[in-house]
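Okay, so here's the structure we're looking at.
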Amino acid sequence: MCGIVGYVGSRECTEVLLNSLSKLEYRGYDSAGIAVFENNVIKTQKSKGKIADLIAKMENEGRLEGHCGIGHTRWATHGEPSDINSHPHGNANVTIVHNGIIENYKKIKEFLERKGYVFESQTDTETAAKLLDYFYEGNPIAAIQRVLDEIEGSYALGIMFKDYPDRIYAVRKDSPLIVAVGDNESFIASDVPAVLQYTKKYYLLEQDEIAVLDKNGVEFYDDHGAPIKKELLTADFDMEAAEKGGFAHFMLKEIHEQPTAVRTTITPRISDGMPNLEECGMTYERLKNYNNIFVVACGTAMHAGLVGKYVIEKIARVPVTVDVASEFRYRDPILTDKDLVILVSQSGETADTLEALRLAKRNGADTLSIVNVKGSSIARDSDMVLYTHAGPEISVASTKAYMVQLSVFYLIAFSIAYAHGKISMEECKRLVAELQNVPNVIEEILKTPDSCQYVASQLVNSENLLYIGRGLDYALSMEGSLKLKEISYIHSESYAAGELKHGTISLVTNGMPVIAVATQRNLFDKTVSNVKEVKARGAYVILVTHKCKTVDSDAADCVISLPTIDDLLMPMTAVVPLQLIAYYTSVLRGNDVDKPRNLAKSVTVE
Ligand code: G6P
């Protein structure tokens, strides 16, 4: 949700801010803006639309010139996307960019209006900017502290004070922010990729810490205003990882990165052919102690959890409950110290997942997070963390993050099953070897995207679509359906194949596409019966199954055949054609694949 950047140094600031913002557009892209000290005066330029629209505006009005400034790309929460609601907000004295939500903004606004302040925008951010102005008496840190005492909610703020034209101030709570340093220059950003073209050295700003940046470096203060020292970190990926590298879109590049991402994620966690999760303290002994497992996540990460549930329950026979984080938090879940709560998140910053983690900890459960972004809030706050090593995922529609989350769930499932004596060491090693082979199979599938391109050409004019499957295939259908609707804007639903006839089949009309996933051989015939039911009602059926399966010519209009591996692991390979179908359909419809409308990659609001 929203990307923020800031720069102070000797480079032309507008250029740096625009470059950095363009790397953060995945966080929000309905408006953008910058504020720059020009001859010691704070000047802003902002525009509804993408960064390209802001650049077009600058071409007409001229670029702001200076060496210190802040910038923002917005995902609207309070107030529609418009020039006025775009950040930065403030006045000639204090100007800010903000990521997050000021929950008590109405109360603050009323207070400030009584003091004579006039508001232009509908945003919560403007209240924080004006409150800073109200408290400011010449000492920026003191003013920031006063504001932090008053505001409730989540925030990452980049701040400029008129009296300090060579400094940026930054603070955060529950919204991510990094502070980076180069040679005689300093940066703030919502995420590391935003600054990678300038430096790999960065600090993670912790809750309510205040950073003061100038071109000579950064000083940090705790929430009482006392100076603190922080550890300087080095990014372990470079610019290339955050670039398209010859692919038309980040999504396609990330789909192709999946085999490598899986290898990098699982290899360090396999020793002597057995899964080994001890790096995070997850010993076989510890795994034996859990009565229940809860998986809590949002969106695609939650879908990875659904596959995890099937696999863990099937081979380890431990009950697993999967919850959407925003539901888990409010349903008063029954948790004990004999339970394990697994939080899954690519960004590690999703607000509901983070709060679910805190709830689980308050209730005494053990917490394990599966997270992609190093040092993110969820990773740091959980008892144990297993990082996925997918590298930066830029496309809003998640692909490689899902894939590596699945691979970690398999390692967890094998470990629990072995710890409980449900599978022998021999069987465990066989499953691990199958998992190690999955990246090769994905590479194979990626060599022939033609059938997926053909399916996309059949779907492109559809308004409605169904995905059906049973068991693991049903879990996978949910992800296939989400992928398609996110980026193609075609309405689609996933349904348990056997449940279709209890209502949803009434939606099937002549020519309606139905994508049936049937990779679980014990359920194949049952799913094919359901396929025939929709076929008999005129559906256009695309069947995704094993190469080894013979499909009656009257059962499907199009068959996508996949190399045969153990059924248990099929979600990892069968998801690839579903991702490609969504991708090519979105391309054919002329959509902005990597930045689908209304969506943001990192959802730091509840
Ligand atoms: C957003 C993204 C999804 C993602 C979900 C959870 O909705 O658009 O792609 O699956 O958030 O994000 P997380 O970072 O917690 O995995």
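Is at least one residue of region 359-376 more than 11 Å from the ligand (Cβ to nearest atom), among the β-branched types (Val, Ile, Thr) and farther than 16 Å from residue 278 by Cα?
Let us first name the residues in region 359-376 that are more than 11 Å from the ligand (Cβ to nearest atom), namely 359-368, 374-375.
From the residues that got through so far, the ones that are among the β-branched types (Val, Ile, Thr) too are 367.
Filter once more, keeping what is farther than 16 Å from residue 278 by Cα: none.
The answer is no; no qualifying residue exists.
Return the total of residues in region 302-317 being open to solvent by 10 Å² or more (accessible area, probe 1.4 Å) and either out of contact with any Asp or Glu (no Cβ under 7 Å at 6 or more places or on another chain) or more than 16 Å from the ligand (Cβ to nearest atom) (or both). Write out each step before concluding.
Initially, region 302-317 is screened for residues open to solvent by 10 Å² or more (accessible area, probe 1.4 Å), giving 302-303, 306, 309-310, 313-315, 317.
If we keep only those that are either out of contact with any Asp or Glu (no Cβ under 7 Å at 6 or more places or on another chain) or more than 16 Å from the ligand (Cβ to nearest atom) (or both) too, we end up with 302, 306, 309-310, 313-315, 317.
So the count comes out to 8.
Given the criterion surrounded by 13 or more Cβ atoms within 10 Å (Cβ to Cβ), charged (D, E, K, R) and in contact (Cβ under 8 Å) with a residue 24 or more places away in the chain, identify the matching residue among 254, 279, 231. Step through it out loud before you land on a result.
On the way: 279 fails: surrounded by 13 or more Cβ atoms within 10 Å (Cβ to Cβ); 231 fails: surrounded by 13 or more Cβ atoms within 10 Å (Cβ to Cβ).
The conditions single out 254.
Assess whether residue 299 counts as being within 16 Å of the ligand (Cβ to nearest atom), within 25 Å of residue 176 (Cβ to Cβ) and open to solvent by 10 Å² or more (accessible area, probe 1.4 Å).
On the way: within 16 Å of the ligand (Cβ to nearest atom): yes; within 25 Å of residue 176 (Cβ to Cβ): yes; open to solvent by 10 Å² or more (accessible area, probe 1.4 Å): yes.
For residue 299, the condition - within 16 Å of the ligand (Cβ to nearest atom), within 25 Å of residue 176 (Cβ to Cβ) and open to solvent by 10 Å² or more (accessible area, probe 1.4 Å) - is met.
Looking at 427, 499, 463, 493, which is the one that is within 20 Å of residue 566 (Cα to Cα) and away from the ligand (no atom under 16 Å from the Cβ)? Quick ask: steps written out before the conclusion?
Values: 499 fails: within 20 Å of residue 566 (Cα to Cα); 463 fails: within 20 Å of residue 566 (Cα to Cα); 493 fails: within 20 Å of residue 566 (Cα to Cα).
From the options 427, 499, 463, 493, the qualifying one is 427.
Take the conditions crowded, with 23+ Cβ neighbours inside 10 Å, assigned to a helix (DSSP H, G or I) and among the aromatic types (Phe, Trp, Tyr) and apply them to residue 474. Does it pass?
yes
If I filter region 214-228 for residues that are in contact with a Ser or Thr (Cβ under 6 Å, 6 or more places away or on another chain) and part of a loop (DSSP other than H, G, I, E, B), do I get at least one hit? Explain how you work it out, then say what you get.
Looking only at region 214-228, we keep the residues that are in contact with a Ser or Thr (Cβ under 6 Å, 6 or more places away or on another chain), and these are 218.
The next check asks that each one be part of a loop (DSSP other than H, G, I, E, B); those that pass are none.
Scanning region 214-228 turns up no residue that is in contact with a Ser or Thr (Cβ under 6 Å, 6 or more places away or on another chain) and part of a loop (DSSP other than H, G, I, E, B).
Give the residue that is farthest from residue 586 (Cα to Cα), with candidates limited to residues of region 257-269 that are open to solvent by 30 Å² or more (accessible area, probe 1.4 Å) and not basic (Lys, Arg).
In the first step, residues of region 257-269 are kept if they are open to solvent by 30 Å² or more (accessible area, probe 1.4 Å); the result is 257, 260, 263-264, 267-268.
Right, trim to not basic (Lys, Arg) and you get 257, 260, 264, 267-268.
Working: 257: 20, 260: 25, 264: 29, 267: 34, 268: 36 Å.
Checking each candidate, the answer is 268.
Restricting attention to region 108-154, which residues are surrounded by fewer than 19 Cβ atoms within 10 Å (Cβ to Cβ) and assigned to a loop (DSSP other than H, G, I, E, B)?
Matches in region 108-154: 115, 116, 117, 118, 119, 120, 121, 122, 137, 138, 139, 152.
The values are calculated or read from the model by the stated rules, or taken from the named source; none is laboratory data. Remember, predicted model here, so these are calculated numbers, not experimental data. Reconstructed Cβ throughout: ideal geometry from the backbone, glycine too, with neighbour counts over all protein chains shown. Heads up: the accessible areas ignore ligands, DNA and RNA and are worked out on the full protein's heavy atoms, side chains in. Shrake-Rupley method; radii C 1.70, N 1.55, O 1.52, S 1.80 Å.
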